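Structure, as structure tokens:
Coordinate-derived values only; no laboratory data. Everything numeric here is computed off the predicted structure, so don't read it as measured data. Reconstructed Cβ throughout: ideal geometry from the backbone, glycine too, with neighbour counts over all protein chains shown.
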Amino acid sequence: MNPSVTAWSSQLTSISGGEQTFNMEFLSLELLTPIMALVGLAGKVVVLWLLGFCRRRNAFSIYILNLEEANFHLLCSYIIDALETLIRNFYLIYIFIPHFFMTVFFFAYMSGMSFLRVISTEHSLSIRWPIWCHCHHLRHLQALMCALLWALSLLLSIL
């Protein structure tokens with residue numbers, strides 16, 4: 001051991017090819033992310049079309065339709081963020097993405113989680129008390145609940 005070398009300083013040497021492998025894996029994941037998100041977005045569009053126009057609406061299909069719409073908005077904002085990351089990494093320029101898209105991201109995420117919570121509660125109530133749910137259920141309760149959840153999610157994401 002050399003007494004003149006202090007423990008606070010050291011020379012970092014790179015392993016041949018190690019950094020390049022990491023960069024290639026990172027870049028391939030950065031390329032794969034928006035491609036997979038676009039495929040998921042195409043699937044969401046098909047589900048939205050089928051639920052919105054081709055199927056008779058019942059209590060759960062209204063909730064599922066709104067959940068799919070929230071997921072659609074979430075994927076759109078995620079694609080914009082992934083494309084911004086790709087442009088920043090490949091072209092080494094900074095593109096300013098407004099904070100509006102982050103608000104949309106949180107709005108879609110919170111509304112999706114709220115719809116999942118309402119779907120599970122509604123399902124639990126319909127299993128435990130099926131006659132009560134069938135007889136005492138308000139006609140437009142699902143639409144009212146969805147509008148309320150959208151409004152609360154927007155309010156929370158803006159705050």
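Please determine, in degrees from 0 to 90 and to the nearest 10, the orientation of helix 59-91 with respect to the longest principal axis defined by the Cα atoms of the chain, where the helix direction is its Cα long axis.
The angle comes out near 20 degrees.
Can you tell me what percent of all Cα-Cα pairs in the chain are more than 23 Å apart?
58 percent
For a Förster distance of 25 Å, can you work out the FRET efficiency between the beta-carbons of Ser126 and Arg55, rounded to the nearest 0.05?
Once the sixth-power term is evaluated, E becomes 0.85.
Taking the chain as the reference, fit the longest principal axis to its C-alpha atoms, fit the long axis of helix 18-53 to the helix C-alpha atoms, and give the angle between the two in degrees, 0 to 90, nearest 10.
With rounding to tens, the tilt is 10 degrees.
Using the alpha-carbon atoms, what tilt in degrees (0 to 90, nearest 10) does helix 100-128 show relative to the longest principal axis of the chain?
It is inclined by approximately 40 degrees.
Which FRET efficiency value, to the nearest 0.05, is calculated for Ala143 and Met113 with the Förster distance at 22 angstrom and r the Cβ-Cβ distance?
Calculated value: 0.65.
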